[in-house]
Amino acid sequence: MSSLAIHFFSEDIDFTLKQKIFIRKWIRNTIIAEGHKLRELNFIFCSDAYLLGINQQYLNHDTLTDIITFDNSDKKSVIAGDIFISIERVRENAGIFKVKEDDELHRVMIHGTLHLLGYPDKGKAAKALMTEKENLYLSRRAF
């Protein structure tokens, strides 16, 4: 599938992702490395308020979060989904963790992708594996 199957949108904020071509390639290579095929992946960048609304409406959670991932695939090895990311949370977390905003954004983007690839993050062992995979694929960014 073409790397153009990865799309970037923003809702209710003024945000433009940098290095889109490289990010598409990086995400696509991650999906392939995990033995999956890409059908369509949408990253939607938004505000805290927008993501809170999604969290309340679809997940019945009344909390702020940095990411919500929706798996739209009907086949186990085919990736199709929507990943909503709060740019406000990413910026705040970058400050808390003392990392560059772009690095934190990329971590959140690969985190959502890993969820679509079947990796959970609930529980100590699952969280450790998720972090290990995030670090592996972050190290493979070629930009």
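Structure values in brief
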read-out	value
Meets criteria (more than 13 Å from the chain's Cα centre (by Cα), more than 27 Å from ASP12 (Cβ to Cβ) and of a type in the set (Gly, Ala, Ser)) for GLY123	yes
From ASP71, ASP66, ASP48, residue being under 18 Å from PHE15 (Cα atoms) and under 13 Å from the mean Cα position of the chain (by Cα)	ASP66
Residues located in the range 44-69, provided they are among the hydrophobic types (A, V, I, L, M, F, W, C) and either farther than 19 Å from GLU88 by Cβ or crowded, with 16+ Cβ neighbours inside 10 Å (or both)	ILE44, PHE45, CYS46, LEU51, LEU52, ILE54, ILE67, ILE68
Residues that are assigned to a loop (DSSP other than H, G, I, E, B) and of a type in the set (Asp, Glu), drawn from the range 117-143	ASP121
Filtered residues of the range 120-137 (kept if among the hydrophobic types (A, V, I, L, M, F, W, C) and over 12 Å from THR30 (Cα atoms))	ALA125, ALA126, ALA128, LEU129, MET130
Counted residues, the range 119-143 - those being of a type in the set (Phe, Trp, Tyr) and either modelled with pLDDT under 95 or exposed (fewer than 13 other Cβ atoms within 10 Å of the Cβ) (or both)	1
First in the range 118-143 and under 24 Å from ASN72 (Cα atoms), second anywhere and of a type in the set (Val, Ile, Thr) and part of a helix (DSSP H, G or I), Cβ under 7 Å, 6 or more apart	GLU134/ILE110; TYR137/THR30; TYR137/ILE110
Selection count, the range 9-43, where residues are buried (at least 19 other Cβ atoms within 10 Å of the Cβ) and of a type in the set (Val, Ile, Thr)	4
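The values are calculated or read from the model by the stated rules, or taken from the named source; none is laboratory data. Not measured: the values here are computed from a predicted model. For neighbour counting, all protein chains shown are included, and Cβ atoms are generated from backbone atoms with ideal geometry for every residue, glycine included.
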